[in-house]
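All remarks here apply to the structure that follows.
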Amino acid sequence: MHIVVCIKQVPDSAQIRVHPVTNTIMRQGVPTIINPYDLFALEAALELRDKFGGEVTVLTMGPPSAEDSLRKALTFGADRAVLLTDRFFAGADTLATTYALATAIRKIGDTYGAPDIIFTGKQTIDGDTAQVGPGIAKRLDLLQLTYVARIGALDLDARTIEAERRSEGGVQILRTRLPCLITMLEATNEIRRGAMKDALRAARATIVKWSAQDAGVEDIAKCGLRGSPTIVKKVFAPPPRAEKAALIDFGSRSPAEALIEDIFKRQPKLEAELVTLARGF
Ligand SMILES: Cc1cc2nc3c(=O)[nH]c(=O)nc-3n(C[C@H](O)[C@H](O)[C@H](O)COP(=O)(O)OP(=O)(O)OC[C@H]3O[C@@H](n4cnc5c(N)ncnc54)[C@H](O)[C@@H]3O)c2cc1C
């Protein structure tokens, strides 16, 4: 079995600030991490590999410094790492990102064996769009399971996989055919501690580095800024709320009564409006 996990190196959002004048994200000096959702995806892939055999390839598109995240993924136990890096990929929106990643996944398939499962995180903590997983699935014509919190049964003979998908108001148990693409939520699993042998292997490992040409990109105009119709016009921090928390003394009243009285006190016209509305029914 061959599993590909797409990981993105992102700035540690706990340390990000927005420039007060230009409203741009201040990335200088901000440490980078593997996007947290991608770690849940990687752990799910490693658990399947440990149980059923096969290989896990991690893939990222990013600047040369993204090699650090790939090496980290190798310390967790991934078998191979591919870095897609080229000046032509710079400034990519989700359309251009999915074009480049889908092309690289095809090349990974041709070089190391066709993937049975492709994992992505649900979304990143910087771009935050959650479009890249479904975009890759569309470009590769794959079935997709999104918002997955847990992987269930995998049957390699029947070539099916079951997964728990979290949806509003419940959990869906879904089964689909392989090959497929899965986008992972924060899950019940947690990324393992890397074993010493994997840390040593990761330190010595050769990261496969592909340019656009190496990856087999056919239309360079679909990559990077040139291939990106998205324009982010403004980025800003939401203004702090003026409203402060209120302390309500329940006294001898029930909490519900006290809350309703407080709401009516703060919005004097509301009670009359509700009465008028109720008369209309
Ligand atoms: C503030 C801000 C402004 C931006 N402005 C622009 C702009 O003006 N023009 C422009 O073209 N682009 C811009 N970008 C970049 C771009 O929109 C996205 O960062 C990029 O396309 C990936 O989308 P995403 O981060 O929303 O991924 P999501 O769709 O949220 O990611 C889902 C999953 O896909 C996988 N994935 C995503 N990206 C990669 C990757 N590079 N390598 C491997 N796997 C990946 C991961 O598994 C991830 O968990 C901007 C980004 C930010 C944060």
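Readers should treat all values here as calculations from the given coordinates under stated rules, not as data from a laboratory. Keep in mind the model is a prediction, meaning the values are calculated, not measured. When we count neighbours, we look across all protein chains shown, and the Cβ atoms used for this are built from the backbone with ideal geometry, even at glycine.
Distances between placed amide hydrogens fall under 5 Å for ALA78 paired with no residue 5 or more residues away or on another chain. Pick out, in residue order, every one of the trypsin sites (Lys or Arg not before Pro) in region 1-94 that is DSSP loop and has at most 16 other C-beta atoms within 10 Å; say none if there are none. When the trypsin sites (Lys or Arg not before Pro) of region 1-94 are filtered for loop state and at most 16 Cβ neighbours within 10 Å, ARG27 remain. Extension gain, ALA278 to ASP141, is 44.1 nm, computed as 0.36 nm per intervening residue step minus the present C-alpha separation. Computed per residue of the chain from DSSP H runs no shorter than four, each worth -39500 (n - 2.57), the mean residue ellipticity at 222 nm is -10000 deg cm²/dmol.
Between 0 and 90 degrees, rounded to the nearest ten: what's the tilt of helix 67-76 against the longest Cα principal axis of the chain? Between the helix axis and the principal axis of the chain, the angle is about 90 degrees. Rounded to the nearest 20 debye, the dipole size of the chain about its Cα centre is 520 debye, using +1 on the Cβ of Lys and Arg and -1 on the Cβ of Asp and Glu.
Take every pair of alpha-carbon atoms less than 8 Å apart whose residues are at least six positions apart; their mean separation over the length of the chain yields a relative contact order of 23 percent.
When the GluC sites (Glu not before Pro) in region 140-227 are filtered for DSSP coil states and for at most 13 other beta-carbon atoms within 10 Å of their beta-carbon, the remaining sites are GLU168, GLU190, GLU218.
Loop only by DSSP, 13 or fewer other Cβ within 10 Å of the Cβ. Give me the chymotrypsin sites (Phe, Trp or Tyr not before Pro) in region 142-239 that pass, ordered by residue number. Those that pass, being in a loop and sparsely packed, are PHE236. With 32 Å as the limit on Cα-Cα distance, the pairs of LYS122/LYS209; LYS51/LYS72; LYS122/LYS234; LYS8/LYS244; LYS72/LYS233 that go past it are LYS8/LYS244; LYS72/LYS233. Between the beta carbons of VAL30 and LYS269, assuming R0 = 51 Å, the FRET efficiency works out to 0.60 to the nearest 0.05. Scanning residues 5 or more positions from ALA130 or on other chains, those with amide H under 5 Å from its amide H are THR124, with H placed 1.01 Å from N in the peptide plane. A Förster radius of 25 Å combined with the Cβ-Cβ distance from ALA114 to ARG192 puts the calculated FRET efficiency at roughly 0.40. Could you calculate the FRET efficiency of THR160 with ILE231 from 1/(1 + (r/R0)^6), where r is the beta carbon distance between them and R0 is 51 Å, rounded to 0.05? Step by step, r from the Cβ atoms, then E = 0.75.
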